[in-house]
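Visitor: My questions all concern the structure below.
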Amino acid sequence: MSATESVGKDEQKLAELGYKQELNRGWSSFSNFAISFSIICILAGCFTTYGQALKNGGPIAISIAWPLICILILAVAVAMSELASAYPTAGGIYYWASRLGGPGWGWFTGWFNLIGLVAVVASVVYVSATFLINLLGLYEVHFIFNFVKAAAGTNVTTGAFGGTWMVTLPSL
């Protein structure tokens, strides 16, 4: 099969789905960075739950539950790759859910995906803040948020790397 035949089949499949082929298959440097950064953030969100799982579930949560969940996630990935090959559109999971289950499923899929991404970002931010607080604590830099003094407009800072720093909020 030649390259022109496969392009023709791609265009024909998209025409059956009601689309005209317009996807630019070239990536700019920024697009490549953006998708790579997004994927890394999701992995970071998974690893930030390691300490929480160890603390709350113990070694059994790490040694049995995580590999089991990884197998289930791989099954979902295989199913999604089949859908991607059957419906090669830029809409992704929203379009697949709308096409297979109706517009309501597409709507729910979109919102659940957004909620999941927000949860991953929150997990990464929480662990990053915890890491930063502990790291700065090694140098005896402590941030104390005193909203009463902040509302009064007082600002207390002592020492370059020691003592207490008061971080105030701007008055409204």
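The values are calculated or read from the model by the stated rules, or taken from the named source; none is laboratory data. For clarity, every value in this text was computed on a predicted model and none was experimentally measured. Reconstructed Cβ throughout: ideal geometry from the backbone, glycine too, with neighbour counts over all protein chains shown.
Visitor: If residue 90 satisfies all but one of (1) among the small types (Gly, Ala, Ser); (2) touching a residue at least 24 places away in the same chain (Cβ under 8 Å); (3) more than 27 Å from residue 21 (Cα to Cα), what's the number of the condition it fails?
Guide: (3)
Visitor: Moving on. Please count how many residues of segment 120-139 are surrounded by 11 or more Cβ atoms within 10 Å (Cβ to Cβ) and touching a residue at least 12 places away in the same chain (Cβ under 8 Å).
Guide: Matching residues across segment 120-139 total 6.
Visitor: Any residue at all in segment 102-118 that's modelled with pLDDT under 85 and surrounded by 14 or more Cβ atoms within 10 Å (Cβ to Cβ)?
Guide: Looking for residues that are modelled with pLDDT under 85 and surrounded by 14 or more Cβ atoms within 10 Å (Cβ to Cβ), one finds at least one in segment 102-118, hence yes.
Visitor: Which residue pairs have Cβ atoms under 7 Å apart, sit 6 or more places apart or on different chains, and have a first residue in segment 101-113 that is farther than 19 Å from residue 90 by Cβ and a second that is modelled with pLDDT of 90 or more?
Guide: none
Visitor: Still on this model: Quick one: which helices (runs of 4 or more DSSP H) lie wholly within segment 1-89 and hold at least 2 residues that are modelled with pLDDT under 80? Working first, answer last.
Guide: Details: elements: 3-16, 29-47, 50-57, 66-86.
Once the helices (runs of 4 or more DSSP H) in segment 1-89 are filtered for at least 2 residues that are modelled with pLDDT under 80, what remains is 3-16, 29-47, 50-57.
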